[in-house]
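The values are calculated or read from the model by the stated rules, or taken from the named source; none is laboratory data. Small disclaimer: the values here were computed from a predicted structure and weren't measured. Here Cβ is always computed from backbone atoms with ideal geometry, including for glycine, and neighbour counts include all displayed protein chains. Each accessible area value is taken on the protein alone, full model and side chains, heavy atoms only, with ligands, DNA and RNA left out. Shrake-Rupley method; radii C 1.70, N 1.55, O 1.52, S 1.80 Å.
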Amino acid sequence: MDTLNPSVNPLDYSRLDEIVQLIKAELSKPDIRLLNNRAVQAKVFQIPQVSHNMAELRRTEEALRQEILKKISVLIHKFQEHSIDVTLARAGILSDSRVHAGSSLEQFDSLDFDLLCLDAKERLYMLLNQYDWLKDFYRFYPQHFYENSFQFVDRIPPKKLHVKVKVVGLGIAGSLAVSGLKKNGVETVIGYDRRARNGPRSVTSRFQNASWRAYDIAEKMLDDESFQHLVQYQQRLNVTYDDGTSVVMSSDRVQIILGDAVDSALESAERYGAELCFDCDAYGFLKSGTEGKTEEEDANDFDIVALFAGAHTSSLVPGLKEEMNMHSWKDLSSPCCLWLEVKKSERKSAYTARDIENGAEKWHFTIEAARNSKRDLVRVRDNLIAQHLWNLRKFQEYGDVDNDREAEEKQHEAAMKKVESLLNDLEEKKDDGSEERYDYIFSNAPDNEYNRAKLNAAKAKGNVVMEGKYTVDITIAPKSMIDSSSSESAQKLLDQFGTTVLVTGGDACVNPNPMAAYGATLACEFAAMLVHLSVAHGHINAIIKGMEKATGNVDDDLIPRLQELKTLLNQYYDTRGRSENYFQWMQTLICNLYSLPAQVDATTM
């Protein structure tokens, strides 16, 4: 099979299953199974059908972006017809008592039509800037560069964004989103999570760490305090040149502990003023009902609701899984194990590194950091307590077999003693003023006899404090946005959530892979996409409100054009999401097939 069926959607199950079969065959080759996971990825993306599918998704995404840019160009031209003189006055080239460089242009009721058009045009430029499309827009539509060359978009005074966004799930994606929404001026931001803010089994309790490269996104979403905290553990590479000299270079990845990253993002959101709700009822985020609602009560609906509630998001309410069109390959689920080691560090400054064993089924992925944060150890302690209570409940329910309860008590006591000792060490100040640090070493691996031997060897050293097992399923949602244009069943979901646009992303669409690669980054990508869309809605809502106030002066097609633009931007979220989800799905698929025994007999290929 050299080509894929061109009439089939790139994320249709039949198209994806063709790719699954191709990769199964590729990863059954003995020489491929000796490589590391990164090398396997490089080999797999050389398969024409695999790369073609990615390219097709990106081409569709770009075609829609070009359509959006074209629509914005037409709108800016129409607004410019009425606002040339006040645009020049805004830039200080002409004089007009109504407008100057610092004018907010917020009073719609008292603004003349030419000022409304100036505000509308500026908002469209700010929308382009939010998406980082301004440079391309000027290149494809150069007339707008020349008409606007005397005004820098970054100097336009801030404008209010009367838009309401609800975020369900405050993990990596949700916590970053609520901070980014408020930082970027969204008026109403409410976050919900059924878990507590802190403590065992809370939204910030995840002790797993990840290799993360979305810090460029985070810088635009977090305040400086939280951002600087997240990037302190940037990975380093030692590079040796032919002449024997060497240099330490910064990698494009940062080591983060997931619970710590969530905590930092929530702190940023709280400082910006987001309304965050924890310990929520499982369905507290749904609209209570629509019958008998007044227009004023309906006005309390949200412009956008984002569902970032993890891998089980599609099961939140009936009908959501079907609308997201979830695909899965249950025969390719991969059992995995994890463990965390902590010990007193010999290092005196921040340090992070990765350790990887190569080879299918035999691989492990370890991220190590020399840390000095008490709250990371407290998080480990919280998890130890939660895990111990869970195990005790199981003994109570199923009974004690082979004195397992006694072994559990001893193991828990030893781990707690280790963590408490490290916490006490952090309290002590050395005579030379240096800080105590501890090594935080987190490992993932396929759950098999070979890797269980590694875990047992680590436990023999006395530093393992947490261990666990989990299963990675192969799933993907071809649809990550639902709006009123979707279907009748989609409209029912929108009514349930009290919104006109429902979006998902991150783990809700694709399960992350156990190599800690791209899962947290994907979550950040979707958080940024939500911010872009929300800001766009805020600007377009404001323009429409202004045009509605200016009855008699507005071209008949202006408001419909603006509504169409909003719909296209909704669709762009979905289209961009498909591209991002496919890439993550590929990583998880490759990792699972790399973890399992060969799925195809290599001698028959």
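Can you check what the net charge comes to around Asn325, using other residues whose Cβ is under 12 Å from the Cβ of Asn325 (Lys, Arg +1; Asp, Glu -1)?
-1
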On the accessible surface of the range 11-159, probed at 1.4 Å, how many percent belong to carbon and sulfur atoms? 54
So how exposed is Asp483, as accessible area in Å² (1.4 Å probe, rounded to 10)? 10
Could you compute the net charge surrounding Asn463? Neighbours are other residues with a C-beta less than 11 Å from the C-beta of Asn463; K and R count +1, D and E count -1. +3
Kindly identify the range 298-421 as rounded, prolate or oblate by the Cα gyration tensor criterion: order the square roots of the eigenvalues as a ≥ b ≥ c, call it rounded if a/c is under 1.5, otherwise compare a/b with b/c, prolate if a/b is larger, else oblate. prolate
Spin-label model distance (nm) - Glu275 vs Tyr470, 7 Å beyond Cα toward Cβ: 3.2
What percent antiparallel are the DSSP beta bridges of the chain, to the nearest 5? 70
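Write out the chymotrypsin sites (Phe, Trp or Tyr not before Pro) in the range 445-509 meeting two conditions: DSSP loop, and at most 15 other Cβ atoms within 10 Å of their Cβ.
Working: sites: Tyr450, Tyr470, Phe497; in loops: none.
Qualifying residues, ordered by number: none.
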Among Tyr241, Gly399, Ser205, whose Cα projects farthest towards the positive end of the dipole of the chain, with charges put on the beta-carbon of Lys, Arg (+1) and Asp, Glu (-1)? Tyr241
Could you state how much accessible area Glu322 has, in square angstrom rounded to the nearest 10, with a 1.4 Å probe and all protein chains kept in place? 130
Sequence-separation-based contact order of the chain, relative, with Cα cut under 8 Å and 6+ spacing, percent: 22
Provide the per residue accessible area, probe 1.4 Å, for the range 128-186, rounded to a whole number of square angstrom. 44
Between Arg197 and Ala311, what is the label-point separation in nm under the 7 Å Cα-to-beta-carbon projection? 2.9
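Counting helices only, and only those DSSP H runs with n ≥ 4, report the 222 nm mean residue ellipticity of the chain as the sum of -39,500 (n - 2.57) divided by its residues, in deg cm²/dmol to the nearest 500. Walk me through the numbers on the way to the answer.
Numbers: 19 runs with 291 residues, N = 605.
Result for the chain: -16000 deg cm²/dmol, rounded to the nearest 500.
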Linear extension gain, Asn325 paired with Ser73, 0.36 nm per residue minus alpha-carbon span: 87.3 nm
If you take the C-alpha gyration tensor of the range 121-278, multiply each eigenvalue by 5 and take the square root, what semi-axes do you get, largest first, in whole Å? 32, 29, 11
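Express the accessible area of the range 350-507 per residue in Å², computed with a 1.4 Å probe while the remaining protein chains stay in the model.
Normalised by residue count, the accessible surface of the range 350-507 is 50 Å².
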Efficiency of FRET from Cβ geometry, Lys220 and Asn391, R₀ 56 Å, rounded to 0.05: 0.85
Multiply the residue gap between Asn9 and Ile544 by 0.36 nm, knock off their C-alpha separation, and tell me the result in nm, one decimal place. 189.1 nm
Computed accessible area, Ile172, all protein chains, 1.4 angstrom probe, square angstrom: 30
Going by Cα centres, the range 42-91 and the range 173-194 are how many Å apart? 26
Net charge around Val305, counting only other residues with Cβ within less than 13 Å of its Cβ (Lys, Arg = +1; Asp, Glu = -1)? -1
Which order do you get for Asp495, Asp263, Asp224, Asp136 if you rank them by accessible area with a 1.4 Å probe, largest at the top? Asp224, Asp495, Asp136, Asp263
For Asn238 and Gln49, compute 0.36 nm times the residue count separating them, minus their Cα-Cα distance, and round to one decimal in nm. 64.4 nm
How far is it, in nm, from the label point at Ala42 to the one at Ile559 when both lie 7 Å from their Cα along the line to the Cβ? 5.8
Given a Förster distance of 30 Å, the FRET efficiency implied by the Cβ-Cβ spacing of Glu409 and Glu449, rounded to the nearest 0.05, works out to 0.65
Against the 2.2 N^0.38 Å rule of thumb, the C-alpha Rg of the chain sits at a ratio of 1.07
